[in-house]
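Peer 1: Can you keep this structure in mind? I'll have questions shortly.
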Amino acid sequence: MNRLFYLIAVLFLSLSCHKSVSGNTVPVVIPPVVSTDSAQYNTPFSGVPDTRDVTIYQVNIRAFSQTGDFAGVIARLDSIQALGVNVIYLMPIYPVGILNSVNSPYCVRDYTSVNSEFGTLTDLRALVDGAHARNMSVMLDWVANHTSWDNSWITTHKNWYLQDANGNILAPPGMGWTDVAQLNYTNDSMRLAMIHAMKNWVYTANIDGFRCDYADGPPLDFWSQAIDTLRNISTHKLLMLAESSDNAKYGTGFDYIFGFNFYGNLKSVYASNASVLTIDNLNTTDYTGVLNDQQQVVRYLTNHDVDGSDGTPISLFRGINGSLAAFTIVSYMKGVPFIYNGQEVADPTPIVFPFTGSSNKIPWSNSPSTVLKYKQIISFRNNSSAIRRGQLTSYDNKDVCAFSKQLGSETAVVITNIRNTGIVYSLPTSLQNTTWNDKINGGTINLTTQITLAPYQYLVLDNQ
């Protein structure tokens, strides 16, 4: 039943279409086609967080465990929860195409089935149930722009694909993705089938939203159509993340866009000593076009795309201490933080596309002290309304990222040296001669007119 897009409804007689039988004209029976949804599995999760309160944890299933399956993820749900994470994002869980394939999980052969490499629908449900039991939501990766070359749509609905003048189905133009076939978004039937497949997972696996791959591929009006339909599932609160830095995605109803620009800028601050002041510009431009304060930018130090191509956080951000300093900015300044599996144990080995091979398995016993630091940083975020929702005031200079966040009577202050050298930072007037609670080291700290910061030192203070 999960694979049916439509249900034949009550048959009726059409007066406009007839055929001759034994010399008599009789009406042809025409079945109207209406959409049907799968039955709801389990009880919709009531603990989906406010969009501003999210910390996202990306799971690359193949690399996550020695078994590379759902069971390997289920075995570490307690560890993910212990970080303070409240949203798990699973990379594509669908069968992967074989024709012209490079074994990429973003080459989808069937939108409504589970990849047997990872397990069964029952196993996926157990993962989702386990996350919900630990008060974590689950988002699925959705690949709407293209399918594999052996997806059944290729043969049953060729007109659902972009074609050249000779009727040949095309790969996504200009992308170099020869393993996938470009869908045709001028076709209304394809759009409806795509949306129906998305709804299928809300019902059959009780998931809580989607991270939408290459969201710049399908047109904006498709995303408006899809998100409007998904929002009308009244039993579910769904989180929607666009893998896009295009501010126009806010207008389609996405909760989040992706912080490509922030990531690239932060790399430059570290790699070429670019001014920290450039971060302030992004805190404005990334949020141009938001419809409300619940729409946010997802900010990160790595993800599945860049870990293999650019390097791990400890290589990009000058070691464990440098990457932790960068993570305080990602977590506290503006937006919601994102963690790619293995980042929290300072995994030194990039997970290389297409994410297969024993060398890509995450060494979970590596650097337990780094895990503790991640827990500490996330814990303060989870317990500080000012950090998650407060008004930002920046005190950056070219070498130090410093800011306050205020909400009501609560004020939090973060001062981060992102240089590999000691720096004397002159405090703004509003922070001079004040006393704060030190949320990293404990106790209190008295600020005077300036403060000496060790290489990559970060201070996290509040008045509560």
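Peer 1: Filter Lys267/Lys375; Lys199/Lys405; Lys237/Lys361 down to the pairs with a C-alpha to C-alpha distance above 31 Å, please.
Peer 2: Check vs 31 Å cut-off fails for Lys199/Lys405; Lys237/Lys361.
Peer 1: Can you tell me the equivalent ellipsoid semi-axes for region 343-464? Use √(5λ) from the Cα gyration tensor, largest first, whole Å.
Peer 2: One finds semi-axes of 32, 17, 14 Å for region 343-464.
Peer 1: Sort Asp462, Asp69 by heavy-atom solvent-accessible area, probe 1.4 angstrom, most to least.
Peer 2: Working: Asp462 5, Asp69 35 Å².
Listed by decreasing accessible area, they come as Asp69, Asp462.
Peer 1: Ignoring ligands, DNA and RNA, what accessible area per residue does region 270-349 give at 1.4 Å, in Å²?
Peer 2: 31 Å²
Peer 1: Here's a follow-up. Could you go through region 305-319 in sequence order and give the Karplus-derived ³J(HN,Hα) for each residue, using 6.51 cos²θ - 1.76 cosθ + 1.60 with θ = phi - 60°, rounded to whole Hz, and x for Gly and Pro?
Peer 2: 6, 9, 4, x, 7, 9, x, 6, x, 6, 7, 6, 10, 6, x
Peer 1: May I ask you to list the aspartates and glutamates whose Cα is less than 15 Å away from that of Lys373, ignoring any residue fewer than eight positions away on the same chain?
Peer 2: The reachable aspartates and glutamates, counting only those whose Cα sits under 15 Å from Lys373, are Glu344, Asp347, Asp438.
Peer 1: Take Leu266, Leu392, Leu192 and sort them by solvent-accessible surface of the protein heavy atoms, 1.4 Å probe, largest at the top.
Peer 2: The residues order as Leu192, Leu392, Leu266, largest area first.
Peer 1: Among residues other than Phe70 whose Cβ falls under 11 Å from its Cβ, what is the net charge (Lys/Arg +1, Asp/Glu -1)? Present the calculation step by step, with values, prior to reporting the outcome.
Peer 2: Values: positive: Arg125; negative: Asp69, Glu117, Asp123.
The answer is -2.
Peer 1: Which label belongs to the value computed from this structure, given these candidates for P(r) over Cα pairs in 20 Å bins from 0, in percent: [x] 20, 41, 29, 10, 0; [y] 27, 60, 12, 0; [z] 23, 52, 20, 4, 1, 0?
Peer 2: Given [x] 20, 41, 29, 10, 0; [y] 27, 60, 12, 0; [z] 23, 52, 20, 4, 1, 0, the calculated one carries the label [z].
Peer 1: Determine how large the accessible area of Ser268 is when every protein chain is in place; take a 1.4 Å probe and give Å² rounded to the nearest 10.
Peer 2: Using a 1.4 Å probe on the heavy atoms, I get roughly 50 Å².
Peer 1: Please give the net charge around Val85, taking every other residue with its beta carbon less than 13 angstrom from that of Val85, where Lys and Arg add +1 and Asp and Glu add -1.
Peer 2: Numbers: positive: Arg76, Arg134, Lys375, Arg381; negative: Asp53, Asp78, Glu344.
Counting the neighbours of Val85, the net charge comes to +1.
Peer 1: For the chain, give the magnitude of the charge dipole about the Cα centre (Cβ charges: +1 Lys/Arg, -1 Asp/Glu; no others), in debye to the nearest 20.
Peer 2: The dipole of the chain has a size of about 420 debye.
Peer 1: With runs of 4+ DSSP H residues as the only contributors, calculate the mean residue ellipticity of the chain at 222 nm using -39,500 (n - 2.57) per run, divided by the residue total and rounded to the nearest 500.
Peer 2: -8000 deg cm²/dmol
Peer 1: Select from region 383-440 those trypsin sites (Lys or Arg not before Pro) which occupy a DSSP coil region and have at most 13 other Cβ atoms within 10 Å, ordered by residue number.
Peer 2: Lys398
Peer 1: Something else about it: How many angstrom separate the Cα center of region 120-159 from the Cα center of region 345-424?
Peer 2: 30 Å
Peer 1: Run the quick spin-label model on Ile423 and Ala39: label points 7 Å from Cα toward the beta carbon, then report their separation in nm to one decimal.
Peer 2: For Ile423 paired with Ala39, the spin-label model returns 6.0 nm.
The values are calculated or read from the model by the stated rules, or taken from the named source; none is laboratory data. Because the structure is predicted, anything quoted here is derived from the model rather than measured. Cβ atoms come from the backbone with ideal geometry, glycine included; neighbour counts cover every protein chain shown. SASA here: full protein model, heavy atoms, side chains in, ligands and nucleic acids out. Shrake-Rupley method; radii C 1.70, N 1.55, O 1.52, S 1.80 Å.
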